[in-house]
Amino acid sequence: MARYVVGRLFQAALSLVLMSLFVFLLAHLTGDPRDVILPPDASPAEYQRVGEALGLDRPLPVQYGIYLGSLLRGDLGTSFRARREVADVIGGRLPATLELGGAAFTLSMLAGVPLGIASAVSRGRSRDQVIRAVVFLGQSVPTFWLGIVLIEVFSVRLGWLPSGGSGTLAHLVLPAATLALFFMAATTRLVRSSMLETLSMAYLQTARAKGLRERTVVLRHALRNAVIPVVTYLSTIFVTVFLAGSIVTETVYSWPGMGQLVFQSVLTRDFPVVQALVMLFAAAFIFVSLAVDLLYVWLDPRIRLA
Amino acid sequence: MGRLSRFLRLAVASTLVLAACQSQAPAASPTAAPGPTGKLVVAITSLREETFLPWTGPLARKTYTTPIFDFLVHAKGETGEYVPSLAKSWDVSADRLTWTIKLRDGVKWHDGTDFTSADVAYTIQRYTDKDSLGFSANFFRNALAGVETPDPLTVVLKVKAPQPALVGELSSYGSLWIAPKKYVTEVGDKVADQKPIGTGPYKFVRLAPAQDIEYEAVPAHWRVVPEFKTLLIRAIPEESARLAALRTKEVDISVVSTDSSAALERDGFRIKEVKQSYGTMFMFGALLNPTDKRYAKPTDPWADQRVRKALNIAIDRDAIAKSFYQGRATPHPTGWMFPGWQELGPYKYDVAEAKRLLAEAGFPSGFTVQMPAYPLSPGTELPQLVEAVANYWDKIGVKAKIVPIDFANYRREWGEGKTAGRISVMRMPLFPDWGTNADSYFGTAGPLPSYSDAETDAALRAALSETDVAARAKKFGELGKLLRSKDAMVGIAIVNDTTALGDQVGTWTPLAGTYPMYWEYVTHKQPFKLFRLFEP
């Protein structure tokens, strides 16, 4: 196990170095930040001046070398736009992202898994049909539209919840529900599908024949095997959506998370911030994948790490 | 006795009357003047860079920086008249090369230290530094020969050549708000940018990234005592969310689009128009003086003035102003607010004549044009305006290929002369001086050149080199007329930005053009009539 973990960490380091080059080149392909920073009537001399100040006047390989060196020292650079350390900029948004992401992730799991189980065990019956209808709606409704409707109903008409912003639990309810709905629906479908496959397996017939209650058969014996593909899915969306943030949800609710930060940074060609965020998400993805692999071993002892 | 008795009766009666009046009047303490109270919440689209120093970012930050800072000169809200602010007075020497500015005495920074000429000199020096991102940094670098501070309340600006635009650039139209030298040099740019102090009517309290900025009123400010004790500027990017916040009274004032303004008015909200916020127009590609190396010989259809005229008269500007801009725009033939823009003759909407002109010019079946579409700030509606105009041109056979593009990318192509075959939408905000932008778009060496011929180039040069204020205005007015006579662009309208006010607030006088600000002048529904050095 230890050798496996060390090996994976070594691979992760290599992947991150390659990722740093990839994201550096990709960011620079979007154009010159000076086109965004400087006013339209900026002269060539101003372009030169600002280029020198931001280090953009050096050849690309030199810029990458400086960037990589800083990264290895833990220095994420200075934001072109905010004029302060990237770590500060990201640090200012991270708590809000974790708050919203954590809440939405928890909702997705807490609702999605039981609904998926309930739908699977009552296959074909009215309960299954109702759940599947909810799933269908959840995956069809555009997030943007859902957010606007929820604001109209719960904030404007009923006055129960604030229309946007953050700071209190009341502010969290609508954005978390909006973000969670689609993934709750997807989780429900995945759990249902996986449970249906598992419930038909022979070993469960043996368990029933031994006189175990149906609840024990489902929750203790079937679920553990059915949940493996769900863990993969949830780990993926945890990083790509809940950690990276959802630009749409954050924009509708004025939630100060990293989704908006990524979007604004790309639009304004704030390369240091874009590069740092992508590296952060990549690192998170790599480490979450490692954690999931280790979790598989616990879930299914038959799995051996190579 | 009778006379005394009458006097006494009169005295008693008067006393009783006075006592009765007093008992009905509210009890007043000797110091009854109210101070700032309550909270004003303003919703804008974004807190942008979230930086405050004048040299660290663009002009658009004024919406949230100007509660904290002051300018040397104040431009009055709807007239644009210049009045003294931090500068008590300014004199220009006979040769117009020396500006002597006397500063207001007794002004304090929010940390209690004195505002002096050293702060002005330091701000100008940082603003013109090589890494400054100040909007008018180029102007000041080119204009100034030196800055002197003979005493703490005097600043002397030496200019290389007469600069009639200087007072505008020093005013609240520009972006040179004054920063504190001692504080910035002690704590550094990074801290000063995150915890700014100024001389303005509001003090900075805190910033929540991407969310809001909180300010607190300075109770005895020298220019204006705000009526609201707390100012909160919130960033709400999505328009529907801003409207919801208005309706739930979570915000008191919000920037809104003209699309939403009609519905809001019907629902009882007041719509404050920021007059002459910007003009919209379409600029012809590759129509430069043929001697300019960046451009090939103009071969686009609009090299022929008949085509340019046809494109102009094919558009019903009245309909666009009424429907597209909800009546909050003035149709205009050029879209440029040169002096006398109100008197420029309109184009008569005439589709038949437009087709005839095209046929006469050799395009009986029309032609194809590429139209890049990008939102700008101000001007988020420009992509939809491109569609509207393309629809009009379609009726005369001019087929538009609309290309959504990021303006930052397109700007580079434009500057490199790669605009042949294109007609580009643009908006022009109201700036302190017409010169900078006129040179950018109509000067052959400008960064975003559009139309130029020998005559317009000569008129532009004459206007740019004119140093007398009145004569300069006249020459720019003449340039505007000349461009109109040559159908040099397709102007659409002069647009008023719209801001919605909830019924919790009273009056507000924004600054015409550029960006909404002057929140310190918002009153309560029943105004307190607190101190104001001048009406905004």
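Below, the figures for the structure above:
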item	result
Sorted by Cβ neighbour density within 10 Å, fewest at the top, the residues B:Asp114, A:Asp35	B:Asp114, A:Asp35
Selected from A:Val153, A:Gly124, A:Phe105, residue furthest toward positive end of dipole (the stretch A:47-177; charges at beta carbon)	A:Gly124
Cα-centre dipole for chain B with unit charges at Cβ (Lys and Arg positive, Asp and Glu negative), debye to 20	860 debye
For the stretch A:172-241, alpha-carbon Rg over 2.2 N^0.38 Å	1.38
All lysines inside 26 Å of B:Lys322 as judged from Cα atoms, apart from same-chain residues fewer than 8 positions distant	B:Lys272, B:Lys275, B:Lys309, B:Lys348, B:Lys355, B:Lys395, B:Lys399, B:Lys401, B:Lys481
Inter-label distance for B:Thr113 and B:Lys418, nm, one decimal - labels placed 7 Å from Cα along Cα-to-Cβ	4.9 nm
Mean-position separation - Cα centroids, the stretch A:163-233 and the stretch B:174-215, in angstrom	51 Å
Whichever aspartates and glutamates have a C-alpha closer than 19 Å to that of B:Lys39, once near sequence neighbours (fewer than 8 apart) are set aside	B:Asp212, B:Glu214, B:Glu216, B:Glu227, B:Glu250, B:Asp252, B:Asp503, B:Glu520
Debye, to nearest 20: dipole size of the protein assembly as shown, +1 on Lys, Arg Cβ, -1 on Asp, Glu Cβ	2240 debye
Listed residues A:Tyr296, A:Ala283, A:Phe242: farthest to the positive end of the dipole of chain A (Cβ charges)	A:Tyr296
Rounded tilt (10° steps) of B:2-24 against the dominant C-alpha axis of chain B	50 degrees
Size-normalised alpha-carbon gyration radius of the stretch B:243-401, reference 2.2 N^0.38 Å	1.24
Dipole magnitude of the stretch B:380-536, debye to nearest 20 (Cβ charges: Lys/Arg +1, Asp/Glu -1, about Cα centre)	160 debye
Helix B:351-360 vs. chain B, principal-axis angle (Cα, 0 to 90°, nearest 10)	40 degrees
Debye equation applied to the C-alpha atoms of the stretch A:27-153, log10 I(q)/I(0) at 0.14, 0.18, 0.19 Å⁻¹	-0.84, -1.06, -1.13
Helix-only mean residue ellipticity at 222 nm for chain A, each DSSP H run of n ≥ 4 adding -39500 (n - 2.57), per residue, nearest 500	-23500 deg cm²/dmol
Convex hull volume per residue for the stretch B:159-279, taking Cα atoms only, in Å³	184 Å³
Cα-Cα P(r), chain A, percent of pairs per 20 Å interval	26, 48, 22, 3, 0
Selection from A:Pro44, A:Ser254, A:Ser194, by position along the positive dipole direction of chain A (Cβ)	A:Ser194
With Cα atoms, 0 to 90° folded angle of helix B:181-194 axis to chain B main axis	70 degrees
Tensor-based shape of the stretch A:35-91 (alpha-carbon gyration tensor, a/c under 1.5 rounded, otherwise prolate or oblate)	oblate
Cα convex hull volume per residue for the protein assembly as shown (Å³)	262 Å³
Dimensionless Rg over Rh [the stretch B:425-504; C-alpha; Kirkwood]	1.09
Rg/Rg_globular for chain B, with Rg_globular taken as 2.2 N^0.38 Å and Rg from C-alpha atoms	1.14
Inter-label distance for B:Asn142 and A:Glu214, nm, one decimal - labels placed 7 Å from Cα along Cα-to-Cβ	8.3 nm
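Only the coordinates and a few stated rules stand behind these numbers; no lab work does. From a predicted model like this one, the values you see are computed outputs, not experimental measurements. When we count neighbours, we look across all protein chains shown, and the Cβ atoms used for this are built from the backbone with ideal geometry, even at glycine.
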